[in-house]
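This report concerns only the one structure given below.
Laboratory data are not the source of any read-out in this text; all were calculated from the coordinates shown. Because the structure is a prediction, the values reported are computed rather than measured. Counting neighbours? That spans all protein chains shown, and the Cβs are built from the backbone with ideal geometry, glycine included.
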Amino acid sequence: MLRHFINLRDWSKEDLLELLERAVRLKAAYKRGEIYQPLKGKTLAMIFEKASTRTRVSFEVGMYQLGGQALNINSQTSQLGRGETYADTAKVLSHYVNAIMLRTFKQSNLVEMAAAASVPVINGLSDLLHPCQVLADLLTIQEYKGNLAKLKIVWLGDSNNMSNTWLEAAMIFGFELVLAIPESFKVSADLWQRVMAGHYANITINHSAEEAVRGADVLYADTWISMGQEELEAAAKKAILRPFQINSSLLERADVKAIVLHCLPAHREEEITSVVIDGPQSRVFDQAENRLHLQKALLEKLISVN
């Protein structure tokens, strides 16, 4: 059965927990120096419409470590840049490769590609969701904090594709999620309607960062300015978001054993201070490493099954 990874909600809690557990085992094997190549002879096509460091390197290295290879494609040097549809691109690539990873602007591009492809399509990031990142984050949180269901996770800053994916994760795993965002910022209407319809009491919005982080086990930040935002818009946005910066003063209000995460790239002294990101409670770079191990588990699952 053909299976894609476009969002978290298309997978059951049990399937996602299985992916996390598999990532734990693959990471342990990697640390021991074991060679494991179940995807020998397999190929992943990686299509980038947005710049990337962690997504590109983790997928490319992941395929290499699993015995396969990855092709780096961008819209400027492929026929996508000349108007070929995502559906036609998916149909063509399906004859050449074993899976497709798309990092794109619009979620609808992923949906179109997945509908036409006869190989698995993976969401490497869209304007709406970033499921690979959040699963790697959950892997990191499990490593350091244990049972996800017992934790309080606080998202601080903008309402974007990352906070949207955290909403999906909280609905699936049941941990307490607080979106600490300015009052003038709105979450995805579709996702929030699902929260309300499902009566998810574990998910709340708080417009005060200081109140939101009390007793928190995890504080999470992301860049305030997305690629392509105008300079004037960015300046006004930063001013509104300043009270939501993760700094030493705010961190002191969380649980004494709280950890800090950031999906990177970080704009130091904006959404997070250097003192915090380089401090003893930061797990930011462990979190970045876990993109590799989680995605290896995902690639193994999708390509082996399909």
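Here are a few things to note about the model shown:
- Of all the numbered requirements in (1) buried (at least 19 other Cβ atoms within 10 Å of the Cβ); (2) in contact with a Lys or Arg (Cβ under 7 Å, 6 or more places away or on another chain), Ile172 misses one, and that requirement is (1).
- Scanning the range 178-205 for residues that are assigned to a strand (DSSP E or B) and closer than 17 Å to His130 by Cα yields one hit, Leu179.
- Screening Val154 with (1) in a helix (DSSP H, G or I); (2) touching a residue at least 40 places away in the same chain (Cβ under 8 Å); (3) β-branched (Val, Ile, Thr) gives one miss only, at (1).
- Inside the range 159-212, residues that are in contact with a strand residue (DSSP E or B) (Cβ under 7 Å, 6 or more places away or on another chain) and charged (D, E, K, R) make up a count of 1.
- Residue check, Asp127 under 21 Å from Leu102 (Cβ atoms), of a type in the set (Asp, Glu) and in contact with a strand residue (DSSP E or B) (Cβ under 8 Å, 6 or more places away or on another chain): no
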